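Before any comments, here is the structure.
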Amino acid sequence: MATRLSDFKLEEVLSTNAQTKSVILLGTISDSAALVTISRAQIPDVSKGLPLEEVKLLENNDIYSWALATMKQNLEDAPAAKVDVIWPATETHIAKYRPSKTRCIVETMEMYNTVVRPYIDSMLGDRIQWVKAILFDGAEADRVIYRDNDVETGFVLLPNSKWDGKSIESLYLLVLVIREDLRSIRDLTTEHLPLLQNIKEQVTRQVKERYNLDPSELKLYFHYQPSYYHLHVHVANVSMDQSDFGRSILFDNVIDAINRGGFENISYNISESHKLWGSFKDQNLI
């Protein structure tokens, strides 16, 4: 990655986020589009003292003081930032990260069958090759927390690439199901309840053993629309701030919906830059 980043040529700052202290950059690496996200790392361990080097006083008033400071840093225990790279980046990737107006829609079965299902079919193949590499080719094997290879109820649990791997308060894991015929929550029926139950039981057990978090400290949820169409589950610490609530559906709510006969309509947020939004409008479905 270091070599790739040294070749990065900036074209545009897509967004900055003061809350998450991150910036998303669009540019090129070796003449191919690249997206680079730089996020401030978590504050390092303070149990052995304040990790500060230089301190400059800004103001003080009675018992209150304000200052700027630099922090002690090293790549292993106290990195300054986390860097995520998508390269080569497709137009779909770029559209996802480019700021645009957000809409809230109610997707009916007609909208799903007419527009969404064909769109999902177009987003398979090479676009989810990285998922298959994890599931079947041993990619990222050193990061896998738990693996169940059962063809019906199996899954892989591993850290989400957005997590720094250190701060339990921001714990963020990912579940990838072994089955290849499940693309989103729209595909789930009562047939798949054993799979969902296995995920819930094993994930909560593994997280308790490894990170000492109780089930009530976790949130398991799906995205709809998801970023990629191989069924996956997000696992996060309930205390973690997130901005994806407009497309998040809690795991237990999905199970309840399945037991009631499945989803008829699904409400979610969608960006105007998303291809589905344009297709819905073109076919006068919204």
Using Cβ contacts closer than 10 Å as the measure, can you line up SER271, SER22, SER47, SER161 from fewest to most?
SER47, SER161, SER22, SER271
Full-extension gain in nm, ILE38 to LYS72, via 0.36 nm per residue minus C-alpha separation:
10.4 nm
GNM top mover of GLY154, GLY165, GLY49 - the chain, alpha-carbon springs below 10 Å
GLY49
Could you please state, rounded to a whole Å, how far the C-alpha centre of the range 189-209 is from the C-alpha centre of the range 226-254?
15 Å
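Could you compute the FRET efficiency for ASN60 and GLU152, with r as their C-beta to C-beta distance and R0 at 45 Å, rounded to 0.05?
0.10
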Which of LYS219/LYS275; LYS9/LYS101; LYS96/LYS275; LYS21/LYS162; LYS132/LYS219 exceed 19 Å between C-alpha atoms? The answer is LYS219/LYS275; LYS9/LYS101; LYS132/LYS219
In nm, give the distance between the simple-model label positions of ASP121 and SER239, each being 7 Å from the Cα along the Cα-to-Cβ direction.
4.8 nm
Test of understanding: in a Gaussian network model of the chain with alpha carbons linked when under 10 Å, which of MET111, MET71, MET123 would top the mean-square fluctuation ranking?
MET71
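Rounded, prolate or oblate: pick one for the chain, where a ≥ b ≥ c are the square roots of the eigenvalues of its C-alpha gyration tensor, a/c under 1.5 means rounded, and failing that, prolate if a/b is larger than b/c, else oblate. The partial results should precede the final answer.
Working: a/c = 1.72, a/b = 1.40, b/c = 1.23.
Note, shape of the chain comes out prolate.
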Identify which of LEU276, LEU52, LEU182 has the largest mean-square fluctuation in a Gaussian network model of the chain, with springs joining Cα atoms closer than 10 Å.
LEU52
About the Cα centre, and with charges only on the beta carbon of Lys, Arg (+1) and Asp, Glu (-1), how big is the dipole of the range 101-282? Nearest 20 debye, please.
360 debye
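Compute the Cα gyration tensor for the range 190-273, then decide on rounded, prolate or oblate, letting a ≥ b ≥ c be the square roots of its eigenvalues: rounded whenever a/c is under 1.5, prolate when a/b is larger than b/c in the other cases, and oblate in all that remain. It would help to have the intermediate numbers written out before the result.
Numbers: a/c = 2.13, a/b = 1.24, b/c = 1.71.
It comes out oblate by the Cα gyration axes.
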Considering the dipole of the range 157-198 built from charges on the beta carbon (Lys and Arg +1, Asp and Glu -1) around the Cα centre, which of LEU196, ASN160, LEU182 is farthest to its positive end?
ASN160
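Which of the peptides 56-67, 258-269 is most tightly packed, and how do the rest follow, going by the mean number of other Cβ atoms within 10 Å of each residue? Display every interim value, and only then the final one.
Working: 56-67: 8.2, 258-269: 13.8.
Output ranking for 56-67, 258-269: 258-269, 56-67.
A short reminder: the numbers here are calculations on the coordinates, not readings from a lab. Since the structure is predicted, the reported quantities are computational estimates derived from the model, not experimental observations. Virtual Cβ from ideal backbone geometry, glycine too; neighbours counted across all protein chains shown.
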